[in-house]
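Below you'll find the structure, written out as C-alpha coordinates, and then a few comments.
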Amino acid sequence: MPENKVNVALVGCGLFGEVHAATYANFDEANLVAVCDSNLERAEAFAERFGCRACASLAEIADDEDIEAVSVVTPDCDHRDVCVELARAGKHLLIEKPLATSVEDAEAIALAVDEAGVTAMVDFHNRYHPAILAVKGRLDRGEMGKPQVMYARLSDRIEVPTEWLIWAGRSGPQWFLGPHLVDLACWLFGKRPRRIFADARKDVLAARGIDCYDSLQMHLSFDDGLATLETSWIIPNAWPCVADFYLCLQATDARADIDMSN
(Lines give C-alpha, C1' and ligand atoms only; values in the text may rest on other atoms or scores of the structure.)
Protein backbone atom coordinates (compact mmCIF):
# COMPACT_ATOMS: atom_id res chain seq x y z
CA MET A 1 0.00 0.00 0.00
CA PRO A 2 1.36 3.47 -0.88
CA GLU A 3 2.44 5.49 2.16
CA ASN A 4 1.47 8.86 0.72
CA LYS A 5 -1.98 8.65 -0.80
CA VAL A 6 -3.40 11.61 -2.69
CA ASN A 7 -6.35 13.12 -0.86
CA VAL A 8 -9.13 13.70 -3.38
CA ALA A 9 -12.66 15.04 -3.37
CA LEU A 10 -15.59 14.88 -5.75
CA VAL A 11 -17.96 17.67 -6.79
CA GLY A 12 -21.10 16.38 -8.47
CA CYS A 13 -22.78 13.21 -7.19
CA GLY A 14 -24.70 12.37 -10.31
CA LEU A 15 -24.57 9.79 -13.08
CA PHE A 16 -20.83 9.79 -13.74
CA GLY A 17 -19.85 11.09 -10.32
CA GLU A 18 -20.58 7.58 -9.09
CA VAL A 19 -17.90 6.23 -11.45
CA HIS A 20 -15.33 8.70 -10.12
CA ALA A 21 -16.21 7.97 -6.49
CA ALA A 22 -16.06 4.20 -6.96
CA THR A 23 -12.73 4.48 -8.77
CA TYR A 24 -11.14 6.55 -6.03
CA ALA A 25 -12.58 4.34 -3.30
CA ASN A 26 -10.93 1.29 -4.89
CA PHE A 27 -7.64 2.90 -5.95
CA ASP A 28 -4.68 2.27 -3.64
CA GLU A 29 -3.01 5.60 -4.38
CA ALA A 30 -6.06 7.77 -3.66
CA ASN A 31 -7.97 8.62 -0.51
CA LEU A 32 -11.50 9.87 -1.15
CA VAL A 33 -11.96 12.50 1.55
CA ALA A 34 -15.20 14.26 0.67
CA VAL A 35 -18.03 14.59 -1.82
CA CYS A 36 -20.13 17.66 -2.58
CA ASP A 37 -23.41 18.14 -4.40
CA SER A 38 -26.10 20.81 -4.58
CA ASN A 39 -28.41 18.09 -3.27
CA LEU A 40 -27.07 17.39 0.23
CA GLU A 41 -29.10 14.20 0.62
CA ARG A 42 -27.48 12.79 -2.50
CA ALA A 43 -24.03 13.79 -1.24
CA GLU A 44 -24.76 12.12 2.10
CA ALA A 45 -25.80 8.92 0.34
CA PHE A 46 -22.52 8.96 -1.60
CA ALA A 47 -20.54 9.65 1.57
CA GLU A 48 -22.12 6.73 3.40
CA ARG A 49 -21.56 4.41 0.47
CA PHE A 50 -17.93 5.35 -0.16
CA GLY A 51 -16.76 6.03 3.38
CA CYS A 52 -16.08 9.77 3.27
CA ARG A 53 -17.77 12.96 4.41
CA ALA A 54 -20.49 14.94 2.66
CA CYS A 55 -20.15 18.67 2.06
CA ALA A 56 -23.01 21.08 1.66
CA SER A 57 -20.98 23.76 -0.14
CA LEU A 58 -18.07 24.03 -2.54
CA ALA A 59 -16.28 26.27 -0.04
CA GLU A 60 -15.86 23.30 2.30
CA ILE A 61 -13.84 21.55 -0.42
CA ALA A 62 -11.90 24.66 -1.42
CA ASP A 63 -10.99 25.56 2.18
CA ASP A 64 -9.84 22.07 3.17
CA GLU A 65 -6.03 22.22 2.97
CA ASP A 66 -5.77 18.43 3.16
CA ILE A 67 -7.58 17.98 -0.16
CA GLU A 68 -5.07 18.01 -2.99
CA ALA A 69 -7.15 17.17 -6.07
CA VAL A 70 -10.81 17.28 -7.06
CA SER A 71 -12.92 15.58 -9.71
CA VAL A 72 -15.42 18.04 -11.18
CA VAL A 73 -18.43 16.07 -12.39
CA THR A 74 -21.10 18.77 -12.42
CA PRO A 75 -23.43 19.28 -15.41
CA ASP A 76 -21.62 20.28 -18.61
CA CYS A 77 -22.68 23.92 -18.44
CA ASP A 78 -21.75 24.39 -14.77
CA HIS A 79 -17.99 23.80 -14.84
CA ARG A 80 -16.72 27.36 -14.91
CA ASP A 81 -17.46 28.66 -11.40
CA VAL A 82 -16.56 25.35 -9.74
CA CYS A 83 -13.25 24.97 -11.56
CA VAL A 84 -12.22 28.59 -11.10
CA GLU A 85 -12.89 28.53 -7.34
CA LEU A 86 -11.10 25.23 -6.83
CA ALA A 87 -8.11 26.23 -8.96
CA ARG A 88 -7.73 29.47 -7.01
CA ALA A 89 -7.79 27.35 -3.84
CA GLY A 90 -4.80 25.40 -5.16
CA LYS A 91 -6.61 22.17 -6.04
CA HIS A 92 -5.53 20.04 -8.98
CA LEU A 93 -8.48 19.22 -11.24
CA LEU A 94 -9.84 16.27 -13.20
CA ILE A 95 -12.73 17.74 -15.17
CA GLU A 96 -15.39 15.71 -16.91
CA LYS A 97 -15.71 16.53 -20.57
CA PRO A 98 -16.40 18.99 -21.96
CA LEU A 99 -14.11 21.49 -20.29
CA ALA A 100 -16.85 24.08 -20.84
CA THR A 101 -19.73 24.83 -23.18
CA SER A 102 -18.45 28.23 -24.33
CA VAL A 103 -15.08 29.64 -25.30
CA GLU A 104 -15.46 32.33 -22.63
CA ASP A 105 -15.93 29.74 -19.87
CA ALA A 106 -13.05 27.59 -21.14
CA GLU A 107 -10.71 30.56 -21.21
CA ALA A 108 -11.73 31.56 -17.67
CA ILE A 109 -10.93 28.07 -16.38
CA ALA A 110 -7.61 27.96 -18.25
CA LEU A 111 -6.61 31.36 -16.87
CA ALA A 112 -7.44 30.36 -13.29
CA VAL A 113 -5.46 27.13 -13.66
CA ASP A 114 -2.44 28.94 -15.12
CA GLU A 115 -2.47 31.67 -12.48
CA ALA A 116 -2.74 29.14 -9.65
CA GLY A 117 -0.06 26.85 -11.09
CA VAL A 118 -2.19 23.74 -10.63
CA THR A 119 -2.62 20.79 -12.96
CA ALA A 120 -5.91 20.33 -14.81
CA MET A 121 -6.97 17.49 -17.11
CA VAL A 122 -10.16 16.78 -19.03
CA ASP A 123 -11.41 13.22 -18.55
CA PHE A 124 -11.38 11.80 -22.08
CA HIS A 125 -11.56 8.28 -20.71
CA ASN A 126 -12.34 6.55 -24.01
CA ARG A 127 -8.66 6.88 -24.91
CA TYR A 128 -8.16 4.09 -22.38
CA HIS A 129 -10.76 1.71 -23.80
CA PRO A 130 -8.84 -1.53 -24.51
CA ALA A 131 -10.00 -1.68 -28.12
CA ILE A 132 -9.05 1.95 -28.79
CA LEU A 133 -5.68 1.43 -27.11
CA ALA A 134 -5.05 -1.58 -29.34
CA VAL A 135 -5.69 0.46 -32.50
CA LYS A 136 -3.56 3.35 -31.24
CA GLY A 137 -0.73 0.93 -30.48
CA ARG A 138 -0.86 -0.54 -33.99
CA LEU A 139 -0.82 2.96 -35.50
CA ASP A 140 2.14 4.02 -33.37
CA ARG A 141 4.07 0.88 -34.37
CA GLY A 142 3.42 1.56 -38.04
CA GLU A 143 1.42 -1.64 -38.51
CA MET A 144 -1.59 0.08 -40.09
CA GLY A 145 0.10 2.77 -42.09
CA LYS A 146 -1.30 6.29 -41.76
CA PRO A 147 -4.91 7.07 -40.76
CA GLN A 148 -6.89 8.21 -43.78
CA VAL A 149 -10.65 8.04 -43.15
CA MET A 150 -12.51 7.65 -39.86
CA TYR A 151 -16.20 7.26 -39.07
CA ALA A 152 -17.44 7.14 -35.50
CA ARG A 153 -20.76 7.47 -33.70
CA LEU A 154 -21.66 7.71 -30.04
CA SER A 155 -25.35 8.06 -29.28
CA ASP A 156 -27.74 7.42 -26.39
CA ARG A 157 -31.25 6.12 -26.04
CA ILE A 158 -33.78 8.90 -25.56
CA GLU A 159 -34.20 7.93 -21.90
CA VAL A 160 -30.87 9.62 -21.11
CA PRO A 161 -32.04 13.20 -21.80
CA THR A 162 -35.69 12.56 -20.89
CA GLU A 163 -35.29 10.50 -17.70
CA TRP A 164 -31.70 10.56 -16.49
CA LEU A 165 -30.59 14.20 -16.80
CA ILE A 166 -32.74 16.97 -15.39
CA TRP A 167 -30.34 19.48 -17.00
CA ALA A 168 -30.48 18.01 -20.53
CA GLY A 169 -31.99 21.19 -21.93
CA ARG A 170 -28.84 23.07 -20.97
CA SER A 171 -26.62 20.56 -22.73
CA GLY A 172 -27.07 18.24 -25.69
CA PRO A 173 -25.38 15.32 -27.42
CA GLN A 174 -22.78 17.72 -28.81
CA TRP A 175 -21.56 18.30 -25.23
CA PHE A 176 -22.48 15.07 -23.44
CA LEU A 177 -21.13 12.69 -26.11
CA GLY A 178 -19.54 14.60 -28.98
CA PRO A 179 -16.29 15.60 -27.22
CA HIS A 180 -15.31 11.93 -26.91
CA LEU A 181 -15.56 11.52 -30.68
CA VAL A 182 -13.59 14.67 -31.48
CA ASP A 183 -10.91 13.71 -28.98
CA LEU A 184 -10.57 10.19 -30.40
CA ALA A 185 -10.28 11.52 -33.95
CA CYS A 186 -7.53 13.97 -32.97
CA TRP A 187 -5.76 11.33 -30.87
CA LEU A 188 -5.80 8.62 -33.54
CA PHE A 189 -4.77 11.01 -36.32
CA GLY A 190 -2.15 12.51 -34.02
CA LYS A 191 -3.01 16.11 -34.84
CA ARG A 192 -5.70 18.80 -34.81
CA PRO A 193 -8.04 19.27 -37.79
CA ARG A 194 -7.50 22.22 -40.12
CA ARG A 195 -11.18 22.59 -40.97
CA ILE A 196 -14.41 21.63 -39.16
CA PHE A 197 -18.00 21.63 -40.35
CA ALA A 198 -21.01 20.62 -38.29
CA ASP A 199 -24.76 20.57 -38.65
CA ALA A 200 -27.48 19.67 -36.16
CA ARG A 201 -31.22 19.19 -35.88
CA LYS A 202 -33.87 19.97 -33.26
CA ASP A 203 -37.26 18.28 -33.35
CA VAL A 204 -38.05 15.34 -31.05
CA LEU A 205 -36.60 16.62 -27.78
CA ALA A 206 -37.78 20.18 -28.35
CA ALA A 207 -41.32 18.83 -28.74
CA ARG A 208 -40.93 17.29 -25.27
CA GLY A 209 -39.89 20.63 -23.77
CA ILE A 210 -36.14 19.87 -23.79
CA ASP A 211 -34.47 22.65 -25.76
CA CYS A 212 -31.44 20.88 -27.18
CA TYR A 213 -30.32 19.18 -30.36
CA ASP A 214 -31.59 15.72 -31.23
CA SER A 215 -28.67 14.79 -33.47
CA LEU A 216 -25.44 16.24 -34.77
CA GLN A 217 -22.93 15.37 -37.48
CA MET A 218 -19.40 16.74 -37.70
CA HIS A 219 -16.83 16.61 -40.47
CA LEU A 220 -13.17 17.10 -39.55
CA SER A 221 -10.57 17.68 -42.26
CA PHE A 222 -6.98 16.88 -41.34
CA ASP A 223 -3.93 17.57 -43.51
CA ASP A 224 -3.90 13.94 -44.62
CA GLY A 225 -7.28 12.51 -43.65
CA LEU A 226 -10.97 12.93 -42.90
CA ALA A 227 -13.28 12.08 -40.00
CA THR A 228 -17.08 11.98 -39.95
CA LEU A 229 -18.55 11.94 -36.46
CA GLU A 230 -22.18 11.43 -35.43
CA THR A 231 -23.98 11.77 -32.13
CA SER A 232 -27.64 11.62 -31.15
CA TRP A 233 -29.87 11.63 -28.09
CA ILE A 234 -33.02 10.13 -29.62
CA ILE A 235 -32.33 6.42 -30.13
CA PRO A 236 -35.59 4.60 -29.27
CA ASN A 237 -35.72 3.02 -25.83
CA ALA A 238 -36.32 -0.34 -27.50
CA TRP A 239 -32.71 -0.28 -28.73
CA PRO A 240 -30.80 -3.08 -26.94
CA CYS A 241 -28.00 -0.86 -25.56
CA VAL A 242 -28.22 2.47 -23.76
CA ALA A 243 -25.23 3.72 -25.76
CA ASP A 244 -24.53 3.03 -29.42
CA PHE A 245 -20.75 3.33 -29.82
CA TYR A 246 -18.97 2.38 -33.04
CA LEU A 247 -15.69 3.40 -34.68
CA CYS A 248 -14.20 2.53 -38.05
CA LEU A 249 -10.72 3.67 -39.03
CA GLN A 250 -9.39 3.10 -42.54
CA ALA A 251 -5.62 3.54 -42.67
CA THR A 252 -3.38 3.21 -45.71
CA ASP A 253 -2.44 -0.40 -44.91
CA ALA A 254 -5.21 -1.74 -42.66
CA ARG A 255 -8.68 -1.14 -41.30
CA ALA A 256 -10.13 -1.32 -37.79
CA ASP A 257 -13.82 -1.76 -37.00
CA ILE A 258 -14.78 -1.53 -33.33
CA ASP A 259 -18.26 -1.99 -31.86
CA MET A 260 -18.12 -0.76 -28.26
CA SER A 261 -21.87 -0.65 -27.63
CA ASN A 262 -21.68 -3.48 -25.10
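The values are calculated or read from the model by the stated rules, or taken from the named source; none is laboratory data. Keep in mind that what you see is a predicted model, and the values were worked out from it rather than measured. When we count neighbours, we look across all protein chains shown, and the Cβ atoms used for this are built from the backbone with ideal geometry, even at glycine. These accessible areas exclude ligands, DNA and RNA; they are computed on the full protein's heavy atoms, side chains included. Shrake-Rupley method; radii C 1.70, N 1.55, O 1.52, S 1.80 Å.
Determine the principal axes of the Cα atoms in the stretch 135-262, then give the extent along each, sorted from largest to smallest and rounded to whole angstroms.
Reported extents, whole Å, longest axis first: 49, 31, 17.
Using only helices, what value at 222 nm comes out for the chain when you add -39,500 (n - 2.57) per DSSP H run of length 4 or more and divide by the total residues, to the nearest 500 deg cm²/dmol?
Working: 9 runs with 80 residues, N = 262.
That calculation yields -8500 deg cm²/dmol at 222 nm.
Given a 1.4 Å probe, how much area per residue of the stretch 134-188 is accessible, in Å²? Walk me through the numbers on the way to the answer.
On the way: 2230 Å² over 55 residues.
On a per-residue basis, the stretch 134-188 sits at 41 Å².
Please give the per residue accessible area of the stretch 66-113, computed with a probe of 1.4 Å over protein heavy atoms only, in Å².
Numbers: 1860 Å² over 48 residues.
That works out to 39 Å² per residue.
What FRET efficiency do you get for Ala25 and Asp223 if R0 is 30 Å and r is their Cβ-Cβ distance, rounded to the nearest 0.05? Working shown, then result.
Details: r = 44 Å, r/R0 = 1.46.
Here the calculated transfer efficiency is 0.10.
Could you give the Stokes-Einstein D for the stretch 35-138 in µm² per second, using the C-alpha Kirkwood radius, 20 °C, 1.002 mPa s? Write out the running numbers ahead of the final one.
On the way: Rh = 14.9 Å.
The calculation lands on 144 µm²/s.
Kirkwood Rh over alpha-carbon pairs of the stretch 204-262, then Stokes-Einstein at 25 °C and 0.890 mPa s: what D in µm² s⁻¹, rounded to an integer? Write down the numbers at each step before the final one.
Details: Rh = 14.0 Å.
After rounding, the answer is 175 µm²/s.
What would the Debye formula give as log10 I(q)/I(0) at q = 0.12, 0.23, 0.25 Å⁻¹ for the alpha-carbon point model of the stretch 96-195, no solvent?
Those come out to -0.54, -1.25, -1.33, one per q.
Let's test the formula: R0 of 25 Å, r as the Cβ-Cβ distance of Phe16 and Glu115. What FRET efficiency results, to the nearest 0.05? Provide the component values of the computation, followed by the final result.
Values: r = 28 Å, r/R0 = 1.12.
For Phe16 and Glu115, the calculated efficiency is 0.35.
Starting from the exponent 0.38 and prefactor 2.2 Å, build the expected Rg for the chain from its residue count and divide its actual Cα Rg by it. Spell out each step's value before the answer.
Numbers: Rg = 19.5 Å, N = 262, 2.2 N^0.38 = 18.3 Å.
That works out to 1.07 for the chain.
By how many nm would the segment from Glu159 to Lys5 grow when fully extended, if each residue of separation counts as 0.36 nm and the alpha-carbon distance is taken off? Don't skip to the end; give the middle numbers.
Values: separation 154, 0.36 × 154 = 55.44 nm, distance 3.85 nm.
Between Glu159 and Lys5, full extension yields 51.6 nm more.
Taking a virtual spin label 7 Å from the Cα of Trp187 along the C-beta vector, which residues in the stretch 141-157 bring their backbone nitrogen under 16 Å of it?
Answer for this model: 141, 151-154.
Can you check how the C-alpha radius of gyration of the stretch 181-235 compares to 2.2 N^0.38 Å, as a plain ratio? Intermediate values should be presented prior to the final figure.
Values: Rg = 13.7 Å, N = 55, 2.2 N^0.38 = 10.1 Å.
Here the answer is 1.35, to two decimals.
Using a 1.4 angstrom probe on heavy atoms only, work out the carbon and sulfur share of the accessible area of the chain in %. Please report the intermediate quantities before stating the final value.
Working: 6580 of 13270 Å².
That fraction is 50 percent.
For labels at Arg42 and Tyr246 in the simple 7 Å Cα→Cβ model, what's the distance in nm?
3.3 nm
Structure shown: which of Lys5/Lys97; Lys5/Lys146; Lys97/Lys202; Lys136/Lys202; Lys146/Lys202 lie over 32 Å apart, alpha-carbon to alpha-carbon?
Values: Lys5/Lys97 25 Å; Lys5/Lys146 41 Å; Lys97/Lys202 22 Å; Lys136/Lys202 35 Å; Lys146/Lys202 36 Å.
Table pairs above 32 Å Cα-Cα are Lys5/Lys146; Lys136/Lys202; Lys146/Lys202.
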